[in-house]
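> Quick one: the structure is below, questions incoming.
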Amino acid sequence: MLLSDTRVRAHPPENIIGHMKIQPDDVVVDLGCGPGYYTLPIAKHAKQVFAIDLQQEMLDMAKKRAMENGVKIDFMRSDGTIIDLASESVDKVLVSGVLHEFPDADKVLAEIRRILKPSGTLTIRERTRVGLTPVGPPIMRVREIDAVLDQNGFQISSTTREKRDSFVTAVKQP
């Protein structure tokens with residue numbers, strides 16, 4: 001499966017790895033992994049990666065790409081409200097372009113808090129500005145992301161705007 005040049009230019013995987021500050025000993029969850037666009041590059045930098053998605057077809061595509069690229073990734077199907085991982089077992093979580101899709105973001109964020117180690121980080125990438133055309137995911141303002149994270153026990157550590165998207169990284173609070 002080839003990724004479009006437009007997507008690669010707009011959302012280079014190296015950017016997410018830099019925003020997340022992934023280290024070789026990190027355990028990372030890509031929640032809403034889709035076809036593994038970010039998952040595969042993350043797996044090349046982290047100790048262990050869990051790719052989680054609600055749609056089996058997305059997991060199947062990501063598995064195929066991982067096999068083709070010789071990358072080890074653990075896959076699981078979940079809507080994010082129940083993640084079959086031990087409490088405080090994950091260093092970093094990525095939620096890229098799907099926070100706006102969760103019917104109950106509070107439940108998902110509670111589960112992310114449960115699996116994150118103390119001082120673990122959550123990075124969210126969402127479309128936060130309208131582009132030249134109205135096509136694409138719904139706009140989620142940075143202040144909305146900040147508010148939902150604050151309400152769910154996370155402290156914002158950085159916000160970076162790139163083109164129409166924003167990357168918000170937050171630390172799990174005790």
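The values are calculated or read from the model by the stated rules, or taken from the named source; none is laboratory data. For clarity, every value in this text was computed on a predicted model and none was experimentally measured. Methodologically, a virtual Cβ is constructed for each residue, glycine included, from the backbone with ideal geometry; neighbour enumeration extends over all protein chains shown.
> Just to verify a result, which residue in region 108-158, among those that are of a type in the set (S, T, N, Q) and closer than 30 Å to ALA86 by Cβ, is modelled with the lowest pLDDT? Full working, then the answer.
Filtering region 108-158 down to residues of a type in the set (S, T, N, Q) leaves 119, 121, 123, 128, 133, 151-152, 155, 157-158.
From what's left, closer than 30 Å to ALA86 by Cβ: 119, 121, 123, 151-152, 155, 157-158.
Details: SER119: 88, THR121: 97, THR123: 95, GLN151: 95, ASN152: 96, GLN155: 96, SER157: 94, SER158: 91.
Among those residues, the one meeting the criterion is SER119.
> Would you pick out the residues in region 8-34 that are in a loop (DSSP other than H, G, I, E, B) and touching a strand residue (DSSP E or B) at 6+ places or on another chain (Cβ under 9 Å)? Can you show your working first?
First, the residues of region 8-34 that are in a loop (DSSP other than H, G, I, E, B): 11-12, 21-26, 32-34.
Listed by number, the residues that qualify are HIS11, LYS21, ILE22, GLN23, ASP25, ASP26, GLY32, CYS33, GLY34.
> Which is farther than 25 Å from LEU40 by Cβ, in contact with a helix residue (DSSP H, G or I) (Cβ under 9 Å, 6 or more places away or on another chain) and surrounded by 13 or more Cβ atoms within 10 Å (Cβ to Cβ), of ILE73, ILE156?
Step by step, each of ILE73, ILE156 is checked, and only ILE156 is farther than 25 Å from LEU40 by Cβ, in contact with a helix residue (DSSP H, G or I) (Cβ under 9 Å, 6 or more places away or on another chain) and surrounded by 13 or more Cβ atoms within 10 Å (Cβ to Cβ).
> Still on this structure, please answer the following. Can you name every residue in region 35-64 that is in contact with a strand residue (DSSP E or B) (Cβ under 7 Å, 6 or more places away or on another chain), in a helix (DSSP H, G or I) and aliphatic (A, V, I, L, M)?
Listed by number, the residues that qualify are ILE42, ALA43, LEU59, ALA62.
> Could you please give the count of residues in region 79-113 that are surrounded by 19 or more Cβ atoms within 10 Å (Cβ to Cβ), basic (Lys, Arg) and out of contact with any Ser or Thr (no Cβ under 8 Å at 6 or more places or on another chain)?
Qualifying residue count for the region: 0.
> How many of the residues making up region 46-96 are hydroxyl-bearing (Ser, Thr, Tyr), without any contact (Cβ under 8 Å) to a residue 60 or more places away in the chain and under 13 Å from CYS33 (Cβ atoms)?
If we filter region 46-96 for residues that are hydroxyl-bearing (Ser, Thr, Tyr), which is where we start, we get 78, 81, 87, 89, 96.
Pick out the ones that are also without any contact (Cβ under 8 Å) to a residue 60 or more places away in the chain and you get 78, 81, 87.
Right, trim to under 13 Å from CYS33 (Cβ atoms) and you get 78.
Final tally of qualifying residues: 1.
> Specify the residue that is modelled with the highest pLDDT; the eligible residues are those in region 1-26 that are in contact with a Leu (Cβ under 9 Å, 6 or more places away or on another chain) and among the hydrophobic types (A, V, I, L, M, F, W, C).
MET20
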